[in-house]
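Here's the structure, in structure tokens; my notes come after.
Coordinate-derived values only; no laboratory data. All of these numbers come straight from a predicted model, not from anything done at the bench. Positions of Cβ are backbone-derived with ideal geometry, glycine not excepted, and every protein chain shown enters the neighbour counts.
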Amino acid sequence: MIKDEKEYKVTQDIIGEFEKSIAAMERDEARKTNDPDGWELMRSSLQSHLDKLKAEIAEYERLTSHNHQSPIVLKIDDLDYLPQILIKARMAAKLSHQELANLAGLTEEQIKRYEDNDYEDASFLDVRFVIDALDIKIQNGEFLIPLDTLRRTPITKEELLASQTINRKPSRRN
């Protein structure tokens with residue numbers, strides 16, 4: 001996820017490099033002929049990364065160009081992605097870190113740190129302050145609690161961290 005103008009510009013530069021690499025691969029007739037499977041695998045991998053970066057650019061542009069006078073709907077399928085909603089909402093509202101901090105009763109440094117770390121070190125109360133400051137509302141929110149398969153033994157810290165690592169979608173920083 002692109003969080004600011006600097007990351008936006010860096011991502012644009014990276015896209016240019018990927019496009020150059022793909023163009024160079026397209027011209028490499030020897031590799032296409034001698035190792036077609038390897039060539040296709042590499043080409044597909046580069047294209048996949050390029051597509052992901054272009055999607056991030058499009059999302060950033062959509063958020064930053066959105067009319068901040070009208071609502072925006074942001075969706076998540078997993079509570080682990082709530083931090084992205086908070087960051088995207090701030091961007092769509094065209095609020096600086098300082099402006100959000102003032103509205104939430106926090107410091108600019110806290111907001112920057114929270115966003116840099118995807119709110120991992122934010123208290124529940126600070127997250128609530130940010131949600132309230134951004135006036136985020138949940139519509140038609142549903143939570144599924146599968147009582148028939150509910151775990152009846154404590155989860156260990158290691159199990160929780162392992163499940164988060166497995167379920168977490170990769171970010172640009174990883």
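Given an 8 Å cut-off on Cα distances and at least 6 residues of separation, report the relative contact order of the chain as a percent. With pairs under 8 Å counted, the relative contact order is 18 percent.
Trypsin sites (Lys or Arg not before Pro), restricted to segment 53-151: which are DSSP loop and have at most 12 other Cβ atoms within 10 Å? All intermediate terms of the calculation are to be shown ahead of the outcome.
Working: sites: LYS54, ARG62, LYS75, LYS88, ARG90, LYS94, LYS112, ARG113, ARG128, LYS137, ARG151; in loops: LYS75, LYS94, LYS137, ARG151.
The qualifying sites are LYS75, LYS137, ARG151.
In order along segment 56-63, the phi-based Karplus estimate (6.51 cos²θ - 1.76 cosθ + 1.60, θ = phi - 60°) of 3J(HN,Hα) comes to 5, 4, 4, 5, 4, 5, 5, 5 Hz; Gly and Pro are listed as x.
Exposed loop sites here mean GluC sites (Glu not before Pro) with a DSSP loop assignment and at most 14 other beta-carbon atoms within 10 Å; the chain contains its longest site-free run at 1-119. By other beta-carbon atoms within 10 Å, ranking ASP80, ASP135 with the fewest at the front produces ASP135, ASP80. Taking θ as phi - 60° and the Karplus parameters 6.51, -1.76 and 1.60, the scalar couplings of segment 101-111 work out to 4, 4, 5, 8, x, 10, 9, 4, 4, 4, 4 Hz in sequence order, x denoting glycine and proline.
What the phi angles of segment 114-131 give under the Karplus curve with 6.51, -1.76 and 1.60, with θ = phi - 60°, is a coupling list of 4, 5, 4, 9, 6, 6, 5, 9, 7, 6, 4, 5, 5, 4, 4, 4, 5, 4 Hz, glycine and proline written as x.
Classify the chain from the C-alpha gyration tensor, please: rounded if a/c falls under 1.5, else prolate or oblate depending on whether a/b exceeds b/c. Working shown, then result.
On the way: a/c = 2.43, a/b = 1.45, b/c = 1.67.
Note, shape of the chain comes out oblate.
Taking the fewest neighbouring Cβ atoms within 10 Å as the starting point, the ordered list for ILE145, ILE57 is ILE145, ILE57.
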